[in-house]
Structures are given as structure tokens and as C-alpha cells.
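**Student:** Submitted below is the structure of interest, expressed as C-alpha cells.
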Amino acid sequence: FRHPLATFFHLFFRVSAIITYLFCDWFSNSFVACFVTILLLLSFDFWSVKNVTGRLLVGLRWWNQIDEDGKSHWVFEASRVPTRAASTEAEARIFWLGLIICPVIWTVFFFSTLFSLKLKWLVSLGVL
């Protein structure tokens, strides 16, 4: 891997939030502590994807520009590299699979929580 630390943290925050959701009841009786921990992990994940791993692993950048009229415009930019090294392609695959698989897992958690009628946990899944 060309960027092993970025690849690690791209998956670390996502997987840590999922593991925290699954096992938080075992380690803590406080729903608020679990909720805040999950929220912080996913906030760190959002920041790292937007500012670090998106740029390093797949060449994504985005920002907000305000023109002279005061209108806000989002600018999206993707690198156009026609050939990638094998390690870069593996990192890109990890990046995109992490972005796709984790929301699918959260969707499964949502429906399992809905059918088991654990309403307080639906609040934490609604934020996600």
C-alpha cells in the first residue's frame, strides 16, 4: 500500500463504530455514552474521508465556493489518472468497498432494531 495509515483509519473509524454499536451494552449501561461514542467515531470517519482518505486513496476533493452574488457552489474534483499502480488500485477498492458495505450493515442494524422494538437504539441509527 502507498498510504497504509490512511487505509487503516478509513476502515478503523467505520468498523469501530459498528463494533461499538454491537457490544456497547456489554461494557456500559449508559445509552448516552454509547450513543456519543458512536457519533464521535462516525464524525471522525466523515472528517477523515472528506479531508484525508478520499484525497489520498482515490483522488477526491470537494469544497464550497461563494461567488460575488453570495451564492454557494459546491466544487467536486476527482483525479484523472488513466493507469494506476496495483497498490493504488487495491487502496481504491478498499475505499469504495468501505463506503458501500458499512451503510449496508447499518441498514441491516436498522431493520433488526426496528423488528426487535428496541426504540432507543433506533434513535442512534436514525442519526447515522
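The values are calculated or read from the model by the stated rules, or taken from the named source; none is laboratory data. Note that the coordinates shown come from a computational prediction; the quantities given were computed from them, not determined experimentally. Glycine gets a Cβ as well: all are built from the backbone with ideal geometry, and neighbour counts include every protein chain shown. What goes into the accessible areas is simple: the full protein's heavy atoms, side chains included, and nothing from ligands, DNA or RNA. Shrake-Rupley method; radii C 1.70, N 1.55, O 1.52, S 1.80 Å.
**Student:** Would you please name the residue that is least open to solvent (accessible area, probe 1.4 Å), looking only at residues in segment 1-32 that are closer than 22 Å to residue 78 by Cα and under 11 Å from the mean Cα position of the chain (by Cα)?
**Tutor:** Looking at residues that are closer than 22 Å to residue 78 by Cα and under 11 Å from the mean Cα position of the chain (by Cα), I get 10.
**Student:** Does segment 104-124 include one or more residues that are open to solvent by less than 50 Å² (accessible area, probe 1.4 Å), charged (D, E, K, R) and not in a strand (DSSP E or B)?
**Tutor:** Within segment 104-124, not a single residue is open to solvent by less than 50 Å² (accessible area, probe 1.4 Å), charged (D, E, K, R) and not in a strand (DSSP E or B).
**Student:** Any residue that is at pLDDT below 95, among the β-branched types (Val, Ile, Thr) and under 18 Å from residue 122 (Cβ atoms) - is there at least one of those in segment 37-53?
**Tutor:** Checked segment 37-53: at least one residue is at pLDDT below 95, among the β-branched types (Val, Ile, Thr) and under 18 Å from residue 122 (Cβ atoms).
**Student:** Which pairs turn up if I take residues in segment 1-30 that are within 18 Å of residue 60 (Cβ to Cβ) and look for partners that are open to solvent by 80 Å² or more (accessible area, probe 1.4 Å) and assigned to a loop (DSSP other than H, G, I, E, B) with beta carbon separation below 8 Å, at least 6 apart in sequence or on another chain?
**Tutor:** 7/1
**Student:** Quick check: anything in segment 33-42 touching a Lys or Arg at 6+ places or on another chain (Cβ under 6 Å), open to solvent by 50 Å² or more (accessible area, probe 1.4 Å) and not small (Gly, Ala, Ser)?
**Tutor:** So the first thing to find is which residues in segment 33-42 are touching a Lys or Arg at 6+ places or on another chain (Cβ under 6 Å), and the list is none.
Checked against the condition, which is being touching a Lys or Arg at 6+ places or on another chain (Cβ under 6 Å), open to solvent by 50 Å² or more (accessible area, probe 1.4 Å) and not small (Gly, Ala, Ser), segment 33-42 yields no hits at all.
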